[in-house]
Amino acid sequence: VFAFGEWFVGGTDNDPAMSQFANTSGMSLLDFRFANAVRNLYTNLSASMTDFYNVLKATENDYEEVSDQVTFIDNHDMKRFSTIVNGNQTAVHQAYALLLTSRGVPNLYYGSEQYAQGEDDPANRGDMTSFDQNSVAYQVISKLAPLRKSNQGLAYGNTQERWINQDVLVFERKFGDHVALVAVNKNQSRSYQITGAHTDLPDGKYSDKLDGILGGSELVVSSSGTVQDFELSPGEVAVWTFEGKGQELNLADVDTS
């Protein structure tokens, strides 16, 4: 049985008692540090992709099993994500992309894929009056959620930054021979030329796993692991993956005491 609980924190700094509970109780926690980092990224003009990435790396150190912590962007105790970004659908799409390609166990709160809005409880728990499977947010989820099952890098891999600035994060997840490279440009008015990036993706050409719905296109990787320069357009998100042999769990190495 996978059990998780709620230890509410209001920021991205570590509460030592919280991480100790997660590390010693046998119960995972809702990862408020992750959620607050994503929400801050799209509501605070001074928040950068470096700030978000630093939270990912800090939690790797603080949680013994960071892949078991439950990540989210919305829940029953917080204003709806679509509300805090003033209905900015690009921000919603990007937040879901980050949620579904980052470490942890993603938790989806009903209605957010329909851009539901709501202030504090009980306004954040309203009825769903419709359900559109053609919404872009729904499509992002429908493409990335199954990908976590087929690519062990997304489910269990470590996280490595491959290119970063104030607005852009290109990061890689890897587990065994499974690799996923993710590129996000949170700036909706400026494009960036991505140069000099490297990856563990084998050489070849890779199509965007989001099928271009967030602007992504083909990626070319050389035999040396160098990524061919490409432009990341305003608000673009792209995901490229390679599914190799994966990595088997050796039960002899598991402490079952």
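Structure summary
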item: Residue in the range 129-138 that is farthest from residue 238 (Cα to Cα), counting only those that are outside any helix (DSSP H, G or I) and open to solvent by 30 Å² or more (accessible area, probe 1.4 Å); result: 129
item: Subset of the range 185-221 that is farther than 22 Å from residue 49 by Cα and of a type in the set (Ser, Thr, Tyr) - its residue that is least open to solvent (accessible area, probe 1.4 Å); result: 206
item: Unique match (being more than 23 Å from residue 183 (Cα to Cα) and in a loop (DSSP other than H, G, I, E, B)) among 86, 23, 61; result: 86
item: Top-ranked residue in the range 162-181 [being in contact with a helix residue (DSSP H, G or I) (Cβ under 8 Å, 6 or more places away or on another chain) and among the aromatic types (Phe, Trp, Tyr); ranked as surrounded by the fewest Cβ atoms within 10 Å (Cβ to Cβ)]; result: 175
item: Of residues in the range 101-125 being open to solvent by 30 Å² or more (accessible area, probe 1.4 Å) and of a type in the set (D, E, K, R), the one farthest from residue 65 (Cα to Cα); result: 119
item: Residue that is farthest from residue 112 (Cα to Cα), among those in the range 30-59 that are open to solvent by less than 50 Å² (accessible area, probe 1.4 Å) and over 14 Å from the mean Cα position of the chain (by Cα); result: 58
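Yes or no, residue by residue, for (1) polar (S, T, N, Q); (2) in a helix (DSSP H, G or I); (3) open to solvent by less than 30 Å² (accessible area, probe 1.4 Å):
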residue: 99; (1), (2), (3): no, yes, yes
residue: 127; (1), (2), (3): no, no, no
residue: 140; (1), (2), (3): no, yes, yes
residue: 143; (1), (2), (3): no, yes, no
residue: 153; (1), (2), (3): no, yes, yes
residue: 160; (1), (2), (3): yes, no, no
residue: 183; (1), (2), (3): no, no, yes
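The values are calculated or read from the model by the stated rules, or taken from the named source; none is laboratory data. Keep in mind that what you see is a predicted model, and the values were worked out from it rather than measured. Please note: Cβ atoms are built from the backbone with ideal geometry, for glycine as well, and neighbour counts cover all protein chains shown. Side chains are part of the model used for accessible areas, which takes the heavy atoms of the whole protein and leaves out ligands, DNA and RNA. Shrake-Rupley method; radii C 1.70, N 1.55, O 1.52, S 1.80 Å.
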